[in-house]
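Here is the structure we will look at, set down as structure tokens.
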Amino acid sequence: MSELVQRVRDVLPAVRQDLEDLVRIESVWADPARRGEVQRSADAVAKLLSDAGFADVQIVSEGGAPAVIARHPAPAGAPTVLLYAHHDVQPEGDHTQWNSPPFQPTERDGRLYGRGTADDKAGIATHLAAFRAHGGNPSVGVTVFVEGEEESGSPSLSRLLAAHRDTLASDVIVIADSDNWSTEVPSLTVTVRGLADCVVEVATLDHGLHSGLWGGVVPDALTVLVRLLASLHDDEGNVAVEGMHEAAAADVEYPPERVREETGLLPGVCEIGSGSVPQRLWAKPAITVIGIDTTPIDKASNTLIPRARAKVSMRVAPGGDAAAHLSALTRHLERNAPWGAQVTVTPGDVGQPYAIDASGAVYDAARSAFRDAWGAEPVDTGVGGSIPFIAEFAKAFPSAKILVTGVEDPATQAHSVNESLHLGVLERAATAEALLLANLGSDGQVAT
Ligand code: BES
Ligand code: MN
Ligand code: MN
């Protein structure tokens with residue numbers, strides 16, 4: 001074991017350079033102007049995997065972003081492990097709020113800053129490190145699958161899974177796209193929430209009207225919209241839409257001080273919702289208004305606004321059905337607009353939640369690998385975020401065991417400005433994955 005740990009250490013400096021090169025590529029699939037960058041990113045990932053010794057590397061797409069599949073065939077009788085990551089990243093947001101340029105990887109205090117350093121180019125780096133530590137020849141089959149449109153909801157993933165079913169078929173699926181309990185304690189993510197969103201438009205008038213001539217007699221659409229949106233929560237901040245599912249969160253301590261510290265909640269601002277922090281974060285629904293189209297203030301005049309719209313995003317607790325939740329939300333929006341205002345709801349993306357059965361030989365092998373790599377027992381956690389394709393993988397490969405690992409930590413700030421990777425976490429995550437491959441292979445004798 002210690003020899004393998006040492007080999008991870010040896011390969012890490014080169015992996016770190018490769019990660020930095022990937023971070024310099026602006027692979028924002030959601031930005032149509034940067035789709036060439038996503039292609040460049042796929043090419044770079046494919047080259048890294050070829051150079052690492054994968055026998056068979058291909059770039060594939062099914063009408064969406066390019067994904068990379070690399071295969072190291074399983075030795076006779078050994079299981080195959082699928083290692084997942086995504087090479088697309090979130091838009092970087094306001095450059096002026098970054099302390100170093102978002103696509104220029106920069107180290108400060110043991111952390112590597114830059115868009116995608118953690119979410120999820122660190123996932124790619126972890127797989128590279130584990131494979132290289134095994135000298136490009138682990139005693140299990142390894143298939144690396146690096147998707148290019150995860151941050152856009154993986155719209156073509158089911159087509160990719162169908163088109164490459166045989167290539168991707170595996171006994172164990174490791175999804176390196178989640179969080180850790182802390183920089184010193186790893187997590188195994190056992191539940192993710194689902195996601196559903198929609199655009200709600202309200203209309204009260206055929207055209208704008210003088211707000212002095214008609215205000216107080218006919219309603220403006222923006223006032224209607226904010227009242228409608230306000231009806232989505234009760235006074236405590238719990239979701240007030242009927243028909244939402246609630247699950248039971250993993251039993252872990254999560255003190256309120258930690259919430260304040262991790263979120264940067266401003267002084268005087270309270271938490272919302274009732275129940276423990278894990279319950280609210282992982283096992284209850286959440287509804288957020290993520291955008292509004294209306295007259296901007298510098299264009300505002302004394303006019304009753306005739307129509308306005310908002311995008312509403314909902315997280316669905318494990319065990320719930322995201323499509324049914326979207327219908328419930330739609331019904332609520334259609335029925336709760338004040339003053340008879342017209343409401344049109346346009347459904348958006350839907351991704352299912354997932355709860356994993358985290359028991360059995362593969363989980364024993366994983367826990368032992370994590371314990372040895374981190375020197376700490378892994379915590380089974382939920383996450384509030386969504387990884388909708390977990391449910392798709394589970395459906396496509398029902399007998400495969402799914403492990404959700406990750407290289408993020410509570411200070412990562414994924415999707416926000418100043419995203420960063422803790423370099424110690426990268427080493428521990430890579431070590432854990434290298435040990436896992438060993439445990440699952442001939443050195444470990446785990447029956448999958
Ligand atoms: N890596 C995240 C999911 C995640 C976030 C897991 C935090 C654990 C902790 C993933 O890249 C992501 O952002 N997912 C999206 C899914 C959506 C675009 C369909 C999300 O959660 O918003
Ligand atoms: Mn991710
Ligand atoms: Mn993400």
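The values are calculated or read from the model by the stated rules, or taken from the named source; none is laboratory data. None of these values were measured; they are calculated from a predicted model. Using ideal geometry, Cβ is built from the backbone for each residue, glycine included, and neighbour counts are taken over all protein chains shown. These area figures cover heavy atoms from the full protein model, side chains too; ligands, DNA and RNA do not enter into them. Shrake-Rupley method; radii C 1.70, N 1.55, O 1.52, S 1.80 Å.
Does residue 119 fit the bill of being within 16 Å of ligand 3 (Cβ to nearest atom), in the same structural domain as residue 32 (by TED's automatic domain parsing), part of a loop (DSSP other than H, G, I, E, B) and at pLDDT 95 or above?
Details: within 16 Å of ligand 3 (Cβ to nearest atom): yes; in the same structural domain as residue 32 (by TED's automatic domain parsing): yes; part of a loop (DSSP other than H, G, I, E, B): yes; at pLDDT 95 or above: yes.
For residue 119, the condition - within 16 Å of ligand 3 (Cβ to nearest atom), in the same structural domain as residue 32 (by TED's automatic domain parsing), part of a loop (DSSP other than H, G, I, E, B) and at pLDDT 95 or above - is met.
For the stretch 146-171: of the residues being of a type in the set (Asp, Glu), outside any loop (DSSP other than H, G, I, E, B) and within 13 Å of the chain's Cα centre (by Cα), which is farthest from ligand 1 (Cβ to nearest atom)? Lay out the reasoning, then the answer.
Residues of the stretch 146-171 that are of a type in the set (Asp, Glu), as a first pass: 147, 149-151, 166, 171.
From what's left, outside any loop (DSSP other than H, G, I, E, B): 147, 150-151, 166.
Still in the running and within 13 Å of the chain's Cα centre (by Cα): 147, 150-151.
On the way: 147: 10, 150: 5, 151: 5 Å.
If we take residues in the stretch 146-171 being of a type in the set (Asp, Glu), outside any loop (DSSP other than H, G, I, E, B) and within 13 Å of the chain's Cα centre (by Cα), then 147 is farthest from ligand 1 (Cβ to nearest atom).
Any chance the stretch 198-211 includes a residue that's surrounded by 15 or more Cβ atoms within 10 Å (Cβ to Cβ), within 24 Å of residue 90 (Cα to Cα) and touching a Gly at 6+ places or on another chain (Cβ under 8 Å)?
Yes, there is a match, as at least one residue in the stretch 198-211 is surrounded by 15 or more Cβ atoms within 10 Å (Cβ to Cβ), within 24 Å of residue 90 (Cα to Cα) and touching a Gly at 6+ places or on another chain (Cβ under 8 Å).
So is residue 160 in contact with a Phe, Trp or Tyr (Cβ under 7 Å, 6 or more places away or on another chain) and more than 16 Å from ligand 2 (Cβ to nearest atom) or not? Reasoning before the result, please.
Working: in contact with a Phe, Trp or Tyr (Cβ under 7 Å, 6 or more places away or on another chain): no; more than 16 Å from ligand 2 (Cβ to nearest atom): yes.
When the stated conditions are applied, residue 160 does not pass them.
Is it fair to say residue 132 is closer than 22 Å to residue 389 by Cβ, open to solvent by 20 Å² or more (accessible area, probe 1.4 Å), modelled with pLDDT of 95 or more and outside any strand (DSSP E or B)? Working first, answer last.
Numbers: closer than 22 Å to residue 389 by Cβ: no; open to solvent by 20 Å² or more (accessible area, probe 1.4 Å): yes; modelled with pLDDT of 95 or more: yes; outside any strand (DSSP E or B): yes.
No: the conditions fail for residue 132.
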